[in-house]
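For reference, the structure discussed in these notes is given below.
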Amino acid sequence: MSFTKSPSFQVLRHLAKHPFDLTTGLTPERISKMTVDAVGFKLLYGAERVTDEVMDALIGLAREANVLEKMAAMQSGEMINQIEGYESEHRSVLHTAMRDQFDKRQSSKTASEAAEWAAKELQKLENFLAKTEGRFTDLVQIGIGGSDLGPRALAIALQAYHLPNHRVHFISNVDPDDANAVLANLDLKKTLVVVVSKSGNTLETLTNEEFVRARMVKIGLNPKDHFVAVTGAKSPMDNPSRYLASFYIWDFVGGRYSATSMVGAVMLGFALGFNGFKEILRGAHDMDVHALSAKPTENLPLLSALLGIWNRNFLNLPTVAIIPYSQALLRFPAHLQQLDMESNGKRIDKLGHVADFSTGPIIWGEPGTNGQHSFYQLIHQGTNVVPLEFIGFHKSQYQRDLKIELTTSQEKLLSNLFAQSIALAVGQKSDNPNKFFPGNRPNRILLGDQLTPYTLGALLSYYENKVAFQGFVWNINSFDQEGVQLGKKLATKMLSLFAGKKESFPLGEAYFKFLRND
Ligand code: G6Q
């Protein structure tokens, strides 16, 4: 059944005419009633503009769209990545199998094969890390998009747990200044370079690989002793003779869902130790099982997906800010931008029909409290209402804190998070229009105990499953990315204007020449 034809859609549309008024209704009882606890996280959604009736109808919407059945189909490897009746991808979606190493609960042959493959690659990695321990002090990961954002966000988030003398760096942009800035302070003799590209033909990544190889050759090093490949089997990069080691990405793992595959494993295994990386997998796996088996009223990623749909489709709010009150999650919003917008930024449904409703919102974010000193003005008093998702942790990672004026820094951080949630919801009355805060700015809080490899894995999977659930409700394909192809194709054509030119022409001219086709 299509989203807008679902019976609950009409009910929600009606309820959205009078959304819950947070300015008078946000009570402690409401907050405690609207709290769900699972996999070490609490989701507090009392500051969303929902009532029990709205929640029932949202869950009705999820049931009518069979989202739990669709989640089971995804996790068991049914072929769900396709647009019916049109040329499209035609694949299973099995990033969850990459972390299904713990209870071997794979429900199908396809999922078992993927999980066995992952276990084999992980074993290879464990051996590789043991064999090379002590030889490298620095690792540079070269990759872009899904082969960069997720792994980089995780590495930064877990800096507190990195092994001594196991530093990691990243090169992604084809801008030569990116590679030069990273290489400027590295001792290449002690550097391992991990080139990550599932397709093995991404322009930026291949260019940066050659850039760094050339630098090594220039100082008399043999790149083969330093370069590792992570790629798809049989891709143009699948050429073990050029690499110290080659690791493989399973075909059914999409780029933006690949941080827990070998795409993230080599770098994170080096930085955290193999067991540290396995903790990420364990956390992600526990959240995957929760997403699959918890009932809708207790299912964290599903509730988050439904609250997002309420804000997007019924309150008509086009954007979402994700604000971690955790400096370690500095790059996590950048990963979520890709995860969410590349997955659900779609204008057709799975049958190829143009959607008659809004799909994925615009996702953005920065850590708090820093954001409070920049864009919160618009969030509190601007003309656009921006729903927020806050992330916070009871304990800091380093656990080295100081009481200044009776409170620790961690207490100051969390006080700000809770205060912002309430201020946005309740607002402030004033006769002075300049000091008036309208309130009713919906937000929710995801609260954990401490950001560790395990909880980070669970957090990553929470968002992956939230995005998948939203796609299931909207009946869109969250797993392809046709929208990035056109620009890539034109850039290749544009590049041919530059290739082999003896004299360079003014750069801006390429822009016109291209359109004139000469
Ligand atoms: C992610 C996208 C995209 C991809 C990059 C890198 O889901 O497919 O961001 O990850 O384009 O691709 P390669 O890993 O093939 O180089």
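The values are calculated or read from the model by the stated rules, or taken from the named source; none is laboratory data. Quick caveat: nothing in here was measured; it's all calculated off a predicted structure. Here the Cβ positions follow ideal geometry from the backbone for every residue, glycine too, while neighbour counts run over all protein chains shown.
Look through the range 144-166, keep the residues that are touching an Asp or Glu at 6+ places or on another chain (Cβ under 9 Å) and within 9 Å of the ligand (Cβ to nearest atom), and return whichever of them is nearest to Arg256 (Cα to Cα).
The extreme case among them is Gly146.
Would you be able to say whether some residue in the range 76-97 is farther than 28 Å from Gln485 by Cβ and not small (Gly, Ala, Ser)?
no
Could you list, in sequence order, all residues of the range 84-106 that are assigned to a loop (DSSP other than H, G, I, E, B) and surrounded by fewer than 20 Cβ atoms within 10 Å (Cβ to Cβ)?
Within the range 84-106, Glu84, Gly85, Tyr86, Glu87, Ser88, Glu89, His90, Gln101, Phe102, Asp103, Lys104, Arg105 meet the criteria.
Looking only at the range 177-201, which residues are more than 9 Å from the ligand (Cβ to nearest atom) and either loosely packed, with under 14 Cβ neighbours inside 10 Å or over 26 Å from the mean Cα position of the chain (by Cα) (or both)?
Of everything in the range 177-201, those that are more than 9 Å from the ligand (Cβ to nearest atom) and either loosely packed, with under 14 Cβ neighbours inside 10 Å or over 26 Å from the mean Cα position of the chain (by Cα) (or both) turn out to be Asp177, Asn180, Ala181, Leu183, Ala184, Asn185, Leu186, Asp187, Leu188, Lys189, Lys190, Thr191.
When residues of the range 256-295 are filtered for being touching a strand residue (DSSP E or B) at 6+ places or on another chain (Cβ under 9 Å), more than 26 Å from Gly134 (Cα to Cα), outside any loop (DSSP other than H, G, I, E, B) and within 16 Å of the ligand (Cβ to nearest atom), how many remain?
0
Just one of Ser8, Ser32 is modelled with pLDDT of 95 or more, more than 17 Å from Phe472 (Cβ to Cβ), small (Gly, Ala, Ser) and over 23 Å from the mean Cα position of the chain (by Cα); which is it? Reasoning before the result, please.
Working: Ser8 fails: more than 17 Å from Phe472 (Cβ to Cβ).
Only one candidate qualifies: Ser32.
Within the range 219-235, can one find any residue that is polar (S, T, N, Q) and either within 30 Å of Leu459 (Cα to Cα) or within 16 Å of the ligand (Cβ to nearest atom) (or both)?
Yes, the range 219-235 has at least one match.
So Leu43 passes all but one of these: (1) crowded, with 16+ Cβ neighbours inside 10 Å; (2) over 13 Å from Arg444 (Cα atoms). Which condition number does it fail?
Failed condition: (2).
Within the range 383-403, which residues are surrounded by 10 or more Cβ atoms within 10 Å (Cβ to Cβ) and free of Cβ contacts under 8 Å to residues at least 12 places away in the same chain?
Within the range 383-403, Asp401 is the sole residue that qualifies.
Pick out the one residue from Glu204, Glu210 that is outside any strand (DSSP E or B), under 24 Å from Lys234 (Cβ atoms), away from the ligand (no atom under 13 Å from the Cβ) and charged (D, E, K, R).
Glu210
Kindly list the number of the only condition in (1) surrounded by 15 or more Cβ atoms within 10 Å (Cβ to Cβ); (2) more than 28 Å from Leu490 (Cβ to Cβ) that fails for Ser258.
(2)
If I ask for residues that are away from the ligand (no atom under 16 Å from the Cβ) and surrounded by 24 or more Cβ atoms within 10 Å (Cβ to Cβ), which ones from the range 244-255 would you list?
None - no residue of the range 244-255 is away from the ligand (no atom under 16 Å from the Cβ) and surrounded by 24 or more Cβ atoms within 10 Å (Cβ to Cβ), so the list stays empty.
Can you pull out every residue in the range 129-172 that is assigned to a loop (DSSP other than H, G, I, E, B) and among the aliphatic types (A, V, I, L, M)?
Within the range 129-172, Ile144, Leu158, Leu163 qualify.
Do we have Asp238 as within 30 Å of Thr110 (Cβ to Cβ), within 14 Å of the ligand (Cβ to nearest atom), at pLDDT below 95 and not in a helix (DSSP H, G or I) here?
no
Suppose the filter is within 15 Å of the ligand (Cβ to nearest atom), crowded, with 17+ Cβ neighbours inside 10 Å, within 30 Å of Lys489 (Cβ to Cβ) and without any contact (Cβ under 8 Å) to a residue 40 or more places away in the chain; does Ser172 pass it? Talk me through it step by step, then tell me what you get.
Details: within 15 Å of the ligand (Cβ to nearest atom): yes; crowded, with 17+ Cβ neighbours inside 10 Å: yes; within 30 Å of Lys489 (Cβ to Cβ): yes; without any contact (Cβ under 8 Å) to a residue 40 or more places away in the chain: yes.
Yes.
Name the pairs whose Cβ atoms lie under 6 Å apart, with the first residue in the range 195-221 and closer than 10 Å to Ile144 by Cα, the second more than 8 Å from the ligand (Cβ to nearest atom) and in a loop (DSSP other than H, G, I, E, B), and 6 or more positions between them or separate chains?
Close Cβ pairs satisfying both conditions: Ser197/Met237; Glu204/Val174.
Which one of these is under 21 Å from Pro240 (Cα atoms) and either polar (S, T, N, Q) or in contact with a His (Cβ under 6 Å, 6 or more places away or on another chain) (or both): Thr137, Thr205?
Of Thr137, Thr205, the one residue that is under 21 Å from Pro240 (Cα atoms) and either polar (S, T, N, Q) or in contact with a His (Cβ under 6 Å, 6 or more places away or on another chain) (or both) is Thr205.
Within the range 456-494, how many residues are away from the ligand (no atom under 16 Å from the Cβ), over 30 Å from Ser6 (Cα atoms), surrounded by fewer than 22 Cβ atoms within 10 Å (Cβ to Cβ) and touching a residue at least 60 places away in the same chain (Cβ under 8 Å)?
Residues meeting the conditions: 0.
Looking only at the range 436-455, how many residues end up being touching a strand residue (DSSP E or B) at 6+ places or on another chain (Cβ under 7 Å) and part of a helix (DSSP H, G or I)?
1
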